[in-house]
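Take a look at the structure set out below.
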Amino acid sequence: CKLQEQGKTHYKTLKDILVAASSLLNKKETMFFTSDTHFGQQRTLELSRRPFVDINEMDFTLISNWNKNVTMNDVVVHAGDFIDPSKISSWLKPLLSVLNFKELHWVLGNYDRAHIEDIKNVVSAINRPIHIHVDNFKFTDESTSYVVVHEPNDFKIDAANDDIILFGHIHGRSFAKRNGFDIGCDYHRYSPISLEQVKWFTNAMKYWDKNVY
């Protein structure tokens, strides 16, 4: 069938569907990463040449891709420029109510920072664990330390020499840096990427040569 040709999972019976749904609900918590969704922003649709007819199709795809990958048991780290600033008061709350996540860490982007108080007011009215980070979000997985930032500016990032920098802002224009890589949705098919994918890229960095940069 076409689903098999596309490498997608398909189910023949209701029992199979229920078993698969149960396994998703019971899966272990993981982390997902994304950036520069720019929900509802016409300017981003045009300047980044996103392959959507209009912002309605863009937003539907971004939300659908998010919820296909992320469950209500997962932590999401967003590296900024979440939504069109003009729509924070009207649409941020309903948007956050439909996106899957157990916990959200939002590192503010250049569009977000000018509206930090509006963002905090909306977030405070939502009964969900959402954490706002002005500069960065740091975490450690096994022996690797990561720093999530918006802009990949080496001179302004508070990080150790061996930290891996996960950044957004550049909308897929240059994926690799010597100390990190782009987690923005434009590069990753408009979907969040998992911690396993982040770890895969981190390991791959060991084998990148000067031609990658």
With the dipole of the chain defined by +1 on each Lys or Arg Cβ and -1 on each Asp or Glu Cβ, the option from I164, H188, M205 whose Cα lies farthest towards the positive pole is H188
Dipole moment magnitude, nearest 20 debye, the chain about Cα centre, only Lys, Arg, Asp, Glu C-beta charged: 600
Given backbone amide H placed at 1.01 Å from N, residues whose amide H is under 5 Å from that of I83, ignoring those fewer than 5 places away on the same chain, are H38, F39
Among S35, S145, S194, which one moves the most in a GNM of the chain with springs linking Cα atoms closer than 10 Å? S145
So what does Y11 come to for accessible area, using a 1.4 Å probe and Å² rounded to 10? 110
Residue span M72 to S174: 0.36 nm per residue of separation minus Cα-Cα distance leaves a gain in nm of 33.6 nm
Taking only protein heavy atoms into account and a 1.4 Å probe, give the accessible area per residue of the chain in Å². 57
Most fluctuating residue given options A125, A159, A176, as computed from a GNM of the chain linking Cα atoms under 10 Å: A125
Per-residue HN-Hα couplings for the range 168-177 [Karplus 6.51, -1.76, 1.60; θ = phi - 60°; Hz; x = Gly/Pro]: x, 6, 9, 6, x, 6, 7, 6, 9, 10
Within the accessible area of the chain (1.4 Å probe), percent carbon and sulfur: 51
Residues meeting the amide H criterion for D141 (H placed from the backbone, H to H distance under 5 Å, 5 or more places apart or on another chain) are Y146
Whole-Hz ³J(HN,Hα) from phi, Karplus 6.51 cos²θ - 1.76 cosθ + 1.60, for the range 83-99, glycine and proline x: 8, 4, x, 5, 10, 4, 6, 9, 10, 4, 4, x, 5, 5, 7, 9, 7
Candidate residues R49, R128: accessible-area rank, largest first, probe 1.4 Å: R49, R128
With an 8 Å cut-off on Cα pairs and a minimum separation of 6 or more residues, tell me the relative contact order of the range 93-183 in percent. 22
Residue among P51, P129, P152 with the largest mean-square fluctuation in a Gaussian network model of the chain, springs linking Cα atoms under 10 Å: P51
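The values are calculated or read from the model by the stated rules, or taken from the named source; none is laboratory data. These figures come from a predicted structure and were not determined experimentally. Virtual Cβ from ideal backbone geometry, glycine too; neighbours counted across all protein chains shown. Protein only, heavy atoms only, side chains kept; ligands, DNA and RNA dropped before computing areas. Shrake-Rupley method; radii C 1.70, N 1.55, O 1.52, S 1.80 Å.
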